[in-house]
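Q: Here it is, the structure in full.
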Amino acid sequence: MSIQKIRVLVVDDSLVAREGIRRGISSDRRIEVIGMAGDAYEAVDLINELEPDVITLDVNMPRMNGLEFLRRLMAQHPMPVVVISSSENRVLEALEAGAVDFVAKPRGTSTTDMDTFIREIVRKIKIAATSRPDTSGPEKLLQSRRATGGSRGTQIVAMGASTGGTEALLRVLRQLPANMPGIVIVQHMPPVFTRMYAERLNNNTQLHVKEAVSGDRILPGTALLAPGDYQMRVKRTEQGLVVECKYQEAKVSGHCPSVDVLFDSVANEVGRNSVGILLTGMGHDGARGLLNMRRKGAMTFGQDEASSVVYGMPKIAYELGAVATQCALNDIPGALLSHLFE
């Protein structure tokens, strides 16, 4: 029985890179490279002619850089794009512009480095092929709210996301006031990128956001992001709630950091005085942890299918009965604030 292949257009100004990516990803039986382009203008012609399912896009290109091309593409012809870049700063800009995911170019040239690079591209292409454009529309501007004591006794809000989550988290967090209960977050990202992403959140929200370090206290108005390659847990101490981050612990639900690890710790340490939120992402990480939180009395939210880039993690959570309230992305901040402060 024949399988339907994912039709991919490779866009990169380097002939060597194009050929290397084409040859590498074509070895997967689910992927067919239907064309290659050396710049944005050539890519536009091939998109119109070939109608690919997924595009791999280099950021640094002549004539029109990949970011500008990506912005124009998403405005006129939205489709799944996996960005390939050696520039960490450009990656977050690409995700903001609408890329589904990214793959960092290898720093080394060994066979192992290249094999890992190709495997990651193949994995991200398969995820991108299942994604959908963001249909949640413009954000709802919420009236500023201030707590008079965190009406339901909530001490902590735990959030988890994966593919599509960088923008989803930003859209939620920038609607939240500075007097929120402490927030802890897992977003599936590799090292370096989590620090940069935390800085971006800090610069674009009313919260104080930082990449977490073991011993950081979970305080009102503060959001702590799990660092890449660390499992992050919440612990109750004499000084209050803190995070514990352990380097290169075993992956849980396929990830380090894992949303399940974080959510399980919140369920066990905070229980009913917590809120769990699971956003867009491929796979099942966070679903069982969110169920654990709900069983311990926590309020739980899950992103709905229509507004998810990839309806994987929140779908599994919903099917398990872990989600008390399912919302479109733009409705989550209001629902959360209503639960906390009204």
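Please treat every number below as a calculation from the coordinates, not as lab data. All figures in this text were calculated on a predicted structure; none of them were measured in a lab. Cβ atoms come from the backbone with ideal geometry, glycine included; neighbour counts cover every protein chain shown.
Q: Going by C-beta contacts inside 10 Å, put Met299, Met282 in order with the fewest on the left.
A: By the 10 Å Cβ count, ascending, the order reads Met299, Met282.
Q: Which angle between 0 and 90 degrees, to the nearest 10, do you get for helix 259-269 versus the longest principal axis of the chain when only C-alpha atoms count?
A: 0
Q: For the chain, what is the calculated [θ] at 222 nm in deg cm²/dmol (nearest 500), taking -39500 (n - 2.57) for each run of four or more DSSP H residues and dividing by its residue count?
A: That calculation yields -11000 deg cm²/dmol at 222 nm.
Q: Now a separate question. Could you work out which residue, out of Val172, Val184, Val81, moves most in a Gaussian network model of the chain, that is, has the largest mean-square fluctuation with Cα springs under 10 Å?
A: Ranking Val172, Val184, Val81 by mean-square fluctuation puts Val172 first.
Q: Could you give the angle, 0 to 90 degrees to the nearest 10, between helix 111-129's Cα long axis and the longest principal axis of the Cα atoms of the chain?
A: 70
Q: How far, in degrees from 0 to 90, does helix 66-76 lean away from the longest principal axis of the Cα atoms of the chain, to the nearest 10?
A: 80
Q: Using unit Cβ charges (K, R positive; D, E negative) and no other charged atoms, how large, in debye to the nearest 20, is the dipole of the range 6-129 about its Cα centre?
A: Dipole size: approximately 340 debye.
Q: Can you pull out the trypsin sites (Lys or Arg not before Pro) in the range 6-42 whose DSSP state is coil and whose Cβ has at most 13 other Cβ atoms within 10 Å?
A: Sparse-neighbourhood loop trypsin sites (Lys or Arg not before Pro): Arg29, Arg30.
Q: In the range 62-95, what trypsin sites (Lys or Arg not before Pro) fall in a loop by DSSP, with at most 13 other Cβ atoms inside 10 Å?
A: Taking the range 62-95 and a limit of 13 other Cβ atoms within 10 Å, the loop trypsin sites (Lys or Arg not before Pro) found are Arg63.
Q: I want to verify a result. In a Gaussian network model of the chain, Cα cutoff 10 Å, which of these has the top mean-square fluctuation: Ile47, Ile185, Ile127?
A: Ile47
Q: Return the lysines within reach of Lys251: Cα separation strictly under 22 angstrom, same-chain partners fewer than 8 residues apart disregarded; answer none if there are no such residues.
A: Here the lysines satisfying the reach criterion relative to Lys251 are Lys124, Lys126, Lys235, Lys315.
Q: Among (i) 142; (ii) 284; (iii) 133, only one was calculated for this model; which label is it, if the read-out is volume of the Cα convex hull per residue in Å³?
A: (iii)
Q: Could you tell me the distance between the Cα centroids of the range 182-241 and the range 35-114, to the nearest Å?
A: Rounded to whole Å, the Cα centres lie 29 Å apart.
Q: Averaged across orientations, what area in nm² does the convex hull of the alpha carbons in the range 156-341 project?
A: 8.7
Q: May I pose another question? Listing Thr109, Thr166, Thr237, Thr194 from the residue with the fewest other Cβ atoms within 10 Å to the one with the most, what is the order?
A: Fewest-to-most Cβ neighbours within 10 Å comes out as Thr109, Thr237, Thr194, Thr166.
Q: Looking at the chain as a GNM with Cα springs under 10 Å, which of Asp216, Asp113, Asp331 has the largest mean-square fluctuation?
A: In this elastic network of the chain, the residue with the biggest mean-square fluctuation among Asp216, Asp113, Asp331 is Asp113.
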